[in-house]
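Participant: Provided herewith is a single structure, encoded as structure tokens, for subsequent inquiry.
The values are calculated or read from the model by the stated rules, or taken from the named source; none is laboratory data. It should be emphasised that the depicted structure is a prediction, and the values quoted were computed from it without experimental measurement. When we count neighbours, we look across all protein chains shown, and the Cβ atoms used for this are built from the backbone with ideal geometry, even at glycine. For the accessible areas, the whole protein counts, side chains as well, though only heavy atoms, and no ligand, DNA or RNA atoms are used. Shrake-Rupley method; radii C 1.70, N 1.55, O 1.52, S 1.80 Å.
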Amino acid sequence: MIPALAPTFEAALRDVRADDARFRAASAAKLAEAPEERRDEAVRGLLRLANDEVGAVREAAYESLGALAAIEGLSAVLDAFDDPNLGARQSAVLAAGRIAPDESANAIAALLEDARPEMRYSAIWTLSHLGPEHSSRISAGLRDKDQEIRALTAERLGEIGATESSNELARLLTDPADAVQFAAATALAALGDSRAAPVLRAALVQPDRALPAAIGLGDLHDRDSVSALKRLATHPWRSPISRAAAARALVRLGEPVGTEVIRKIVRSWRIEARGYAVQLVGELGLTSLLPDLHRALRRSRESERAVYETALEQLAPSCSEAKALLASLRQANHPR
């Protein structure tokens with residue numbers, strides 16, 4: 001279904017009853033942006049759209065009810081766990097978690113036993129956003145028969161800091177699915193568990209995994225990975241962002257080559273990579289790179305200035321030159 005242009009709020013209220021489903025779907029999305037004084041009108045419109053004959057319209061309505069935390073729509077979204085439209089029922093699970101986290105938690109957790117893999121997936125995603133107190137429930141997904149669900153579960157447990165799941169995650173380092181092994185390794189690294197290191201080290205040669213692998217190894221301060229990290233950091237043809245992540249790990253391991261790689265990327269013409277390198281200068285406290293940072297700042301675009309300001313804020317407490325440059329940047333950005 002080709003989406004309609006976003007309507008005004010007044011048009012969205014009108015289009016709740018539009019003949020064209022595209023306009024009703026656009027209405028459902030726009031009603032999430034209701035001004036506070038018109039919230040009740042928006043909710044009434046969304047409750048009507050939640051019973052629409054078109055699945056895409058219902059999906060948008062459930063999502064907007066969640067965005068508004070509309071308790072009036074809780075029963076509708078809970079009933080929609082059995083909506084015939086896949087996208088709509090997944091949207092309903094997320095909405096339930098946003099509308100009433102405590103009241104919905106048991107109904108969402110019950111979906112972990114659901115025969116439909118997309119509902120188990122949605123349950124794990126939603127429970128992980130309800131807080132780490134649900135980690136014991138979420139961990140059931142580590143034993144799911146679907147590899148995508150095992151991988152997601154590992155990722156989310158690492159994200160919420162579920163250290164009590166470390167041993168279960170470590171068992172997935174030998175999972176039949178390579179993607180699950182890697183997800184478990186990145187989760188363990190986030191939890192500070194060194195058992196992740198061999199899998200992450202092997203992943204440094206894979207372009208799509210090198211970045212998170214390098215970040216994880218840096219967080220683990222894994223000295224056995226120094227040689228592999230140096231190869232990645234100094235490789236002329238690898239992604240500069242992955243090289244910067246490897247350099248970050250090397251700096252954290254006390255290897256001077258890491259600072260030099262970051263210096264080169266700060267000087268580079270590639271905006272995204274340069275921005276990440278500037279971020280690392282601040283994160284790692286690399287005051288020796290302040291002249292390079294200053295040079296890059298002079299030729300930066302206005303849209304890049306925020307990352308320079310953040311880096312200088314981190315350097316300023318220990319470096320008077322950074323403090324002065326920060327003051328100058330702020331004066332330029334916010335003249336009186």
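Participant: Got a sec? Charge dipole of the chain, +1 on Cβ for Lys and Arg, -1 for Asp and Glu; which of Ala25, Ser328, Gln147 is way out at the positive end?
Facilitator: Of the listed residues, the answer is Ser328.
Participant: Here's something else I'd like to know. Gaussian network model of the chain, Cα springs within a sub-10 Å range: biggest mean-square fluctuation belongs to which of Ser75, Ser136, Ser242?
Facilitator: Of Ser75, Ser136, Ser242, the Gaussian network model singles out Ser75 as fluctuating most.
Participant: So, one more: Given R₀ = 35 Å, what would the calculated FRET efficiency be for Glu148 paired with Arg48, taking r from the Cβ atoms and rounding to 0.05?
Facilitator: Result of the calculation: an efficiency of 0.50.
Participant: So if I place +1 on the C-beta of Lys and Arg and -1 on the C-beta of Asp and Glu, and nothing else carries charge, what would the dipole magnitude of the range 35-183 be about its Cα centre? I want it in debye, nearest 20.
Facilitator: Here the size comes out at about 180 debye.
Participant: Per-residue accessible area for Val180 at 1.4 Å probe radius, Å² rounded to 10?
Facilitator: For Val180, the solvent-accessible surface is approximately 0 Å².
Participant: Oh, and also: Relative contact order for the range 72-140: what percent, with Cα pairs under 8 Å and sequence separation of 6 or more?
Facilitator: 25
Participant: Find which of Thr174, Ala197, Ala185 sits farthest along the positive direction of the dipole of the range 136-198, computed with +1 on the beta-carbon of Lys and Arg, -1 on that of Asp and Glu, about the Cα centre.
Facilitator: The Cα lying farthest towards the positive end belongs to Thr174.
Participant: Which entry is the computed Cα extents along the principal axes in Å for this structure: (1) 54, 43, 36; (2) 63, 58, 34; (3) 56, 46, 40?
Facilitator: (2)
Participant: Sequence gap at least 6, Cα distance under 8 Å: using those rules, report the relative contact order of the chain to the nearest whole percent.
Facilitator: Reported as a whole number, the value is 6 percent.
Participant: If I take every Cα pair under 8 Å that is 6 or more residues apart in the range 137-202, average their sequence separation and divide by the length, what percent do I get for the relative contact order?
Facilitator: Normalised by residue count, the contact order of the range 137-202 is 30 percent.
Participant: Also, I was wondering about something else. Run through the range 1-107 and list the trypsin sites (Lys or Arg not before Pro) located in a DSSP loop whose Cβ has at most 12 other Cβ atoms within 10 Å.
Facilitator: Sparse-neighbourhood loop trypsin sites (Lys or Arg not before Pro): Arg17.
Participant: Ignoring everything except DSSP H segments at least 4 long, calculate the 222 nm mean residue ellipticity for the chain; use -39,500 (n - 2.57) per segment, divide by total residues, nearest 500.
Facilitator: So the calculated ellipticity at 222 nm is -19500 deg cm²/dmol.
Participant: Could you please put Leu46, Leu74 in sequence from largest to smallest accessible area, using a 1.4 Å probe?
Facilitator: Descending order: Leu74, Leu46.
Participant: Filter the trypsin sites (Lys or Arg not before Pro) in the range 239-301 to those in DSSP coil with at most 15 other Cβ atoms within 10 Å of their Cβ, and list the result.
Facilitator: When the trypsin sites (Lys or Arg not before Pro) of the range 239-301 are filtered for loop state and at most 15 Cβ neighbours within 10 Å, Arg267, Arg270, Arg299, Arg301 remain.
Participant: Right, something else. Under 12 Å between alpha carbons, and skipping anything fewer than 8 positions from Lys323 in its own chain: which aspartates and glutamates qualify?
Facilitator: Straight-line reach from Lys323, under 12 Å: Glu309, Glu313.
Participant: Sticking with this one: Report the GluC sites (Glu not before Pro) located in the range 29-82 that are in a DSSP loop and have at most 11 other Cβ atoms inside 10 Å of their Cβ, or state none.
Facilitator: Passing sites in the range 29-82 are Glu53.
Participant: What distance in nm separates the simple spin-label points at Ala324 and Lys264, each placed 7 Å from Cα in the Cβ direction?
Facilitator: That separation, rounded to one decimal, is 3.1 nm.
Participant: Any idea which of Ala42, Trp237, Gln314 is furthest toward the positive side of the dipole for the chain, if Lys and Arg beta-carbons carry +1 and Asp and Glu beta-carbons -1?
Facilitator: Going by the charge dipole, the pick is Trp237.
Participant: Does anyone have the angle between helix 271-284 and the longest principal axis of the chain? Alpha-carbon axes, 0 to 90°, nearest 10?
Facilitator: 70
Participant: Measuring from centroid to centroid over Cα atoms, what is the spacing of the range 267-318 and the range 88-153 in Å?
Facilitator: With the range 267-318 and the range 88-153 each reduced to a Cα centre, they are spaced 39 Å.
Participant: Further question on the same structure: What does the charge dipole of the range 1-108 about its Cα centre add up to, to the nearest 20 debye, if the Cβ of each Lys and Arg holds +1 and the Cβ of each Asp and Glu holds -1?
Facilitator: 220
Participant: Among Asp20, Asp146, Asp208, determine the one that fluctuates most according to a GNM of the chain built with springs between C-alpha atoms less than 10 Å apart.
Facilitator: Asp20
Participant: On to the next question. How large is the charge dipole for the chain, taken about the Cα centre, if only the Cβ atoms of Lys, Arg (+1) and Asp, Glu (-1) carry charge, to the nearest 20 debye?
Facilitator: Computed about the Cα centre, the dipole is about 1920 debye.
Participant: Next up: Can you give the accessible area of Thr8, probe radius 1.4 Å, in Å² rounded to 10?
Facilitator: Answer for Thr8: close to 90 Å² accessible.
Participant: What do you get for the angle between helix 55-67 and the principal long axis of the chain? Use alpha-carbon atoms, 0 to 90 degrees, nearest ten.
Facilitator: That works out to roughly 70 degrees.
Participant: Ok, one more. Please build a GNM for the chain, connecting alpha carbons under 10 Å apart, and tell me which residue among Gly158, Gly282, Gly141 fluctuates the most.
Facilitator: Highest fluctuation of the listed residues: Gly282.
Participant: Evaluate E = 1/(1 + (r/R0)^6) for Ile71 and Ala110, where r is the Cβ-Cβ distance and R0 equals 22 Å; express this FRET efficiency to the nearest 0.05.
Facilitator: Once the sixth-power term is evaluated, E becomes 0.60.
Participant: Just the number, please: carbon plus sulfur as a percent of the accessible area of the chain, 1.4 Å probe, no ligands or DNA/RNA counted.
Facilitator: Reported share for carbon and sulfur atoms: 50 percent.
Participant: For the full complex of protein chains and a 1.4 angstrom probe, list His221, His129 by accessible area with the highest value first.
Facilitator: The residues order as His129, His221, largest area first.
Participant: Against the longest principal axis of the chain, how steep is helix 147-159, in degrees 0 to 90 to the nearest 10, with axes from Cα atoms?
Facilitator: Result, in degrees: 60.
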